[in-house]
Amino acid sequence: MSENISLTSSIVMEYLYCPRFIYYMLYLKISQHEGRRYKVQRGKSSHQRKLKVNKSYLRKKIGVKEKILDEKLYSRT
């Protein structure tokens, strides 16, 4: 199987909360309509705002030396 599979951190978090969500969304292609929810819209705008404002912020107290933004993760297997 040489198919590339892309997983976002949101998908992993959804799976940890309830594996059925991922089954319904990715396999059965049933949408959650999360874009209509107020809290989802508010969270997305908050994350976008923080991404712009905190680009150069590093947590020096815990030894962070570099910050990588919007990195995509892939498995080699």
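The values are calculated or read from the model by the stated rules, or taken from the named source; none is laboratory data. Computed from a prediction, not measured in an experiment: that's the story for all the values here. Cβ placement follows ideal geometry from the backbone for every residue including glycine, while neighbour counts extend to all protein chains displayed.
Considering 67, 55, 50, 44, the condition of being modelled with pLDDT of 75 or more, exposed (fewer than 10 other Cβ atoms within 10 Å of the Cβ) and of a type outside the set (Gly, Ala, Ser) is satisfied by 55 alone. If the condition is being more than 18 Å from residue 5 (Cα to Cα) and either surrounded by 10 or more Cβ atoms within 10 Å (Cβ to Cβ) or small (Gly, Ala, Ser) (or both), then the stretch 26-41 contributes 30, 31, 32, 34, 35, 37, 40, 41. Residue pairs whose Cβ atoms lie under 8 Å apart, separated by 6 or more positions or on different chains, with the first residue in the stretch 36-54 and assigned to a helix (DSSP H, G or I) and the second at pLDDT below 85 and surrounded by fewer than 10 Cβ atoms within 10 Å (Cβ to Cβ), are 41/35; 51/69; 51/70. Being aromatic (Phe, Trp, Tyr), exposed (fewer than 10 other Cβ atoms within 10 Å of the Cβ), over 15 Å from the mean Cα position of the chain (by Cα) and at pLDDT 80 or above is the requirement here; does residue 23 meet it? Considered against the rule, which asks whether it is aromatic (Phe, Trp, Tyr), exposed (fewer than 10 other Cβ atoms within 10 Å of the Cβ), over 15 Å from the mean Cα position of the chain (by Cα) and at pLDDT 80 or above, residue 23 comes out as no.
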